[in-house]
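The values are calculated or read from the model by the stated rules, or taken from the named source; none is laboratory data. Because the structure is a prediction, the values reported are computed rather than measured. Reconstructed Cβ throughout: ideal geometry from the backbone, glycine too, with neighbour counts over all protein chains shown. Note: areas computed on protein heavy atoms with side chains; ligands, DNA, RNA excluded. Shrake-Rupley method; radii C 1.70, N 1.55, O 1.52, S 1.80 Å.
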Amino acid sequence: MPGCDYSEISSLFCNFIDECKGKKVTLLMHKNADGDCIGASLAVCMFLEALGCECKVISTNAYNRNFNWLPYSSNILIFNSLFRSTVVNYIDESSVIICLDFSQKSRIDPELANFLDGKRVCIIDHHQDKPDINGVNIINSEASSTCEIIYEILNIAYSDKINKDIATYLYSGILCDTGHFITQNMTYRVYEIAADLMKRFNLEVHIINKNIFGNNRFARMRFLGHVLSRCLKIVPNYKVAYIVLTKEDTEKFYLKQGETDGLVNYALSIENIEFAALFNQKNDGVYISLRSIGDFSVSDFAKKYFNGGGHKNAAGGFSNSSIADTVSNFINYLVNYSFLKFNN
Ligand code: 5GP
Ligand code: MN
């Protein structure tokens with residue numbers, strides 16, 4: 001298996017699972033949970049419930065409606081004004097917390113992060129970030145996705161516990177984090193895993209794909225047209241493109257949570273572009289998505305300038321500055337990366 005000895009982390013995981021049996025477990029997702037985070041959390045939730053644990057998946061905020069079709073996703077508790085005290089009570093009563101697809105406190109609401117210090121914690125993640133949460137680390141930064149890690153560890157020790165729903169969660173997470181099996185984190189192993197899940201459980205992969213990527217609201221498509229014609233820019237002389245979304249842009253189209261996901265890939269899809277960014281202005285600041293092709297690490301870039309992190313070719317960060325300053329700072333930082341210049 002590329003890059004990781006799964007027998008080692010699988011036995012760490014098994015020891016942790018033995019501790020969990022019969023206990024109340026919280027499965028925590030990161031802010032703006034994506035398909036990998038949601039798939040991984042629901043998969044581990046169903047697996048632990050089969051072992052007799054009481055489990056709840058908790059989302060730091062509202063998440064992308066394209067995942068509402070996943071089995072039992074309606075049981076996910078969202079840490080919003082309606083369910084705030086339910087979530088707090090549940091975590092408070094849990095003896096175990098499992099963090100899925102993140103390893104840093106900054107990726108969740110600070111109120112939820114406060115609970116991590118007093119609990120037995122396990123982190124299952126594939127980001128390059130240095131963990132700042134204490135717990136059992138089930139981490140492989142070479143893996144395409146957290147769902148790939150979960151497949152590998154379940155397949156070694158609990159293969160008989162993978163059922164069609166779990167296979168659907170894992171396949172969906174892998175599909176999302178590899179951009180339909182095409183991004184630079186792809187390995188032959190990912191194809192093997194997808195093929196194994198599809199074969200063993202008769203997954204109708206075209207339906208999974210339609211549910212996730214072919215379920216756009218018409219208003220979202222109109223918004224996409226607006227973004228491509230008005231908000232997408234190229235930095236002169238650089239192999240860099242970016243999209244600026246102001247609050248007015250997103251409010252005018254009544255966008256829902258998650259509907260800006262994937263837009264940054266349009267910037268990266270332009271000929272000769274190797275580094276793409278999306279600046280998304282929200283009430284609390286500017287959320288930044290970064291993508292690259294090749295060896296340029298956007299995770300390092302996000303960490304250095306925008307308090308963020310992620311993976312080599314897909315990362316994110318945040319800025320408290322105005323959207324105009326954030327974008328102009330971004331353009332100024334580029335002078336430090338002369339390999340991104342044309343005719344270099
Ligand atoms: P996206 O641009 O799709 O929001 O995020 C790209 C990748 O970077 C995802 O794996 C996501 O989990 C990660 N990421 C996004 N924002 C942050 C951040 O603020 N900090 C860190 N460490 N990772 C982030
Ligand atoms: Mn992921």
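Within this structure, residue 101 passes the test of being within 16 Å of ligand 2 (Cβ to nearest atom) and touching a Cys at 6+ places or on another chain (Cβ under 6 Å). Of everything listed in (1) within 16 Å of ligand 2 (Cβ to nearest atom); (2) open to solvent by 20 Å² or more (accessible area, probe 1.4 Å), the single unmet condition for residue 138 is (2). Scanning segment 141-179 for residues that are open to solvent by 40 Å² or more (accessible area, probe 1.4 Å) and of a type outside the set (Gly, Ala, Ser) gives 142, 155, 156, 160, 161, 163, 164, 165. The combined condition, being open to solvent by 10 Å² or more (accessible area, probe 1.4 Å), of a type outside the set (S, T, N, Q) and away from ligand 1 (no atom under 16 Å from the Cβ), is not fulfilled by residue 63. Of everything in segment 130-141 that's in a loop (DSSP other than H, G, I, E, B) and within 15 Å of the chain's Cα centre (by Cα), which residue is farthest from ligand 1 (Cβ to nearest atom)? Top of the filtered list is 140. If you take the residues of segment 180-231 that are of a type in the set (Gly, Ala, Ser) and closer than 19 Å to residue 155 by Cα, which of them is least open to solvent (accessible area, probe 1.4 Å)? Filtering segment 180-231 for residues that are of a type in the set (Gly, Ala, Ser) and closer than 19 Å to residue 155 by Cα, the one least open to solvent (accessible area, probe 1.4 Å) comes out as 194. When you check residue 195 against the structure, is it touching a helix residue (DSSP H, G or I) at 6+ places or on another chain (Cβ under 6 Å), without any contact (Cβ under 8 Å) to a residue 40 or more places away in the chain and in a helix (DSSP H, G or I), yes or no? So residue 195 fails the test. Could you go through segment 161-183 and let me know if any residue there is touching a strand residue (DSSP E or B) at 6+ places or on another chain (Cβ under 8 Å), within 16 Å of ligand 1 (Cβ to nearest atom) and assigned to a loop (DSSP other than H, G, I, E, B). Yes, because at least one residue in segment 161-183 is touching a strand residue (DSSP E or B) at 6+ places or on another chain (Cβ under 8 Å), within 16 Å of ligand 1 (Cβ to nearest atom) and assigned to a loop (DSSP other than H, G, I, E, B). Residues in segment 285-300 that are under 21 Å from residue 270 (Cβ atoms) and surrounded by fewer than 24 Cβ atoms within 10 Å (Cβ to Cβ): 293, 294, 295, 296, 297.
Checking every residue in segment 301-308 against the condition of being under 17 Å from the mean Cα position of the chain (by Cα), at pLDDT 95 or above, within 16 Å of ligand 2 (Cβ to nearest atom) and more than 17 Å from residue 130 (Cα to Cα) gives zero matches. Close contacts from segment 209-223, counting a first residue that is farther than 16 Å from residue 171 by Cα and a second that is surrounded by fewer than 12 Cβ atoms within 10 Å (Cβ to Cβ), with Cβ to Cβ under 8 Å and a gap of 6+ residues or different chains, come to 219/254. Scanning segment 235-284 for residues that are of a type in the set (A, V, I, L, M), surrounded by fewer than 22 Cβ atoms within 10 Å (Cβ to Cβ), closer than 17 Å to residue 340 by Cβ and in contact (Cβ under 8 Å) with a residue 40 or more places away in the chain yields a single hit, 235.
Listed here are the residues, each with its yes/no results for (1) at pLDDT 95 or above; (2) within 21 Å of residue 136 (Cβ to Cβ).
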position	(1), (2)
4	no, yes
9	no, yes
15	yes, yes
33	yes, no
56	yes, yes
94	yes, yes
98	yes, yes
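Yes or no, residue by residue, for (1) surrounded by fewer than 19 Cβ atoms within 10 Å (Cβ to Cβ); (2) in contact with a strand residue (DSSP E or B) (Cβ under 6 Å, 6 or more places away or on another chain):
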| site | (1), (2) |
| --- | --- |
| 4 | yes, no |
| 7 | yes, no |
| 22 | yes, no |
| 25 | no, yes |
| 30 | no, no |
| 33 | no, yes |
| 55 | no, yes |
